[in-house]
1. Report, by residue number, each residue of the range 247-283 that is touching a residue at least 24 places away in the same chain (Cβ under 8 Å) and not in a helix (DSSP H, G or I).
2. Scan LEU317, LEU285, LEU310 and give me the residue that is under 30 Å from LEU126 (Cα atoms) and touching a helix residue (DSSP H, G or I) at 6+ places or on another chain (Cβ under 6 Å).
3. Which residues, counting only those in the range 280-291, are surrounded by 13 or more Cβ atoms within 10 Å (Cβ to Cβ) and at pLDDT below 75?
4. Counting just the residues of the range 304-343 that are loosely packed, with under 13 Cβ neighbours inside 10 Å and β-branched (Val, Ile, Thr), which one comes out farthest from THR128 (Cα to Cα)?
5. What about SER226, is it over 14 Å from HIS292 (Cα atoms), of a type in the set (S, T, N, Q) and modelled with pLDDT of 80 or more?
6. Just a yes or no: is a residue in the range 203-216 in the same structural domain as CYS314 (by TED's automatic domain parsing), part of a helix (DSSP H, G or I), under 23 Å from ILE99 (Cβ atoms) and at pLDDT 70 or above?
7. Here is a check on your reading of the model: is THR128 in contact with an Asp or Glu (Cβ under 9 Å, 6 or more places away or on another chain) and at pLDDT 75 or above?
8. Which ones in the range 310-329 are more than 17 Å from PHE116 (Cβ to Cβ) and modelled with pLDDT of 80 or more?
Amino acid sequence: MVFLIKPFLKPKPPLTLTIDHQLRFLDRLSHLFEQGYVMFDALHLLKSQSFYREICDYIKDELNKGQTFDHCLKNLGFNPHIITYIHFSLKNGHLHQAIQEATQYIKKRRELQHQFFNTIRYPLILITMFLIILLFINWFVYPAFEQLYSTHYNSSTILHLAIVTTQSLFNILLTLSILCSILITIMIQVNKQIKLERIHNILQHFRFIKKWISLYVSFHFAIHLSSLLDAHFSLKSSLTFISHHQEKTLVNFYATRLLNDLERGETTNEALQRINFFEKEFISLFERQSDHLHLKKDLEMYASFTLSDLQERCQLLIRRIQPIVFSIIACSIILIYLSILIPMLQLIQTI
């Protein structure tokens with residue numbers, strides 16, 4: 001029985017690293033490469049640190065079995081962006097540069113995420129407390145006022161308007177909160193099950209999201225193409241290699257579509273414009289008929305500029321969130337205050 005089960009058992013990878021430990025491990029590995037260490041010597045030195053001992057042993061064993069470095073990182077649960085960077089860099093031999101670029105990209109991305117969550121944390125708390133206040137006012141305060149005015153011959157128009165407005169605002173905020181929660185849950189659950197073509201068709205209808213996706217796709221295309229062109233791949237071979245990558249993303253999907261259009265005789269510019277998810281600046285890089293060396297440099301510069309542009313756009317969006325949320329809450333509080341105060345003043349005047 002043991003002999004029947006044993007062939008189906010796979011060696012279990014060691015503990016999965018958090019993103020912080022992943023970046024720290026790659027930073028130290030990159031530093032050792034800078035000092036002239038080769039892969040096995042660097043792993044042997046890192047093995048002296050008890051925390052990375054199992055990781056280094058696992059990578060060395062897998063490399064000895066003929067597995068690639070990116071495959072080892074994938075089994076260890078490394079970030080998909082890190083794996084993709086390293087996967088394409090293995091073709092040009094610039095592993096050290098790819099590790100530095102991958103860690104730099106992940107660090108900038110995490111920094112923006114950290115800024116975003118810090119920015120929305122306080123507004124989310126305020127919105128939650130505001131929903132509780134609205135619930136209390138709708139259930140207890142306004143019914144008491146309605147009962148008071150029902151015994152008086154003059155009804156308050158302002159109070160009625162405030163009740164309708166407050167109830168509508170409460171229902172809108174509550175509905176949006178529920179829809180956002182459901183949408184996030186659904187996206188997490190079915191993200192890997194929805195066909196990329198379906199995602200592409202959905203994104204076509206959202207202009208705001210489309211702009212961000214265009215920047216994202218153009219940036220990653222520029223990074224991967226520059227790595228493969230540096231490895232002396234032709235443009236068509238580079239697109240083929242990207243389309244066959246195991247991680248199925250929009251980048252792979254668009255690479256496949258580009259290949260199909262090129263095989264039908266279209267030019268690179270025509271194929272890129274047909275997809276409608278590439279930045280004009282990215283497409284313009286292919287307008288002039290230059291050699292692969294110049295195209296590689298252009299793509300590297302474009303990727304650098306686009307990453308800075310993405311960072312600036314994210315920071316601008318983050319800076320706008322708090323004022324908008326605070327303004328909505330402030331106006332709502334003023335409305336509630338007036339809806340309570342003005343009817344009371346009207347009631348006093350009639351006494």
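The values are calculated or read from the model by the stated rules, or taken from the named source; none is laboratory data. Since the structure is predicted, the reported quantities are computational estimates derived from the model, not experimental observations. With ideal geometry, Cβ positions are generated from the backbone for all residues, glycine too; neighbour counts draw on all protein chains shown.
1. Hits for the range 247-283 are GLU247, LYS248, THR249, ASN276, PHE277, PHE278, GLU279.
2. The conditions single out LEU310.
3. SER290 - this is the single residue of the range 280-291 that is surrounded by 13 or more Cβ atoms within 10 Å (Cβ to Cβ) and at pLDDT below 75.
4. Only one residue fits best here, namely ILE334.
5. Answer is no for this residue.
6. Yes, the conditions are met somewhere in the range 203-216.
7. On the way: in contact with an Asp or Glu (Cβ under 9 Å, 6 or more places away or on another chain): no; at pLDDT 75 or above: yes.
When the stated conditions are applied, THR128 does not pass them.
8. Scanning the range 310-329 gives a single hit, SER327.
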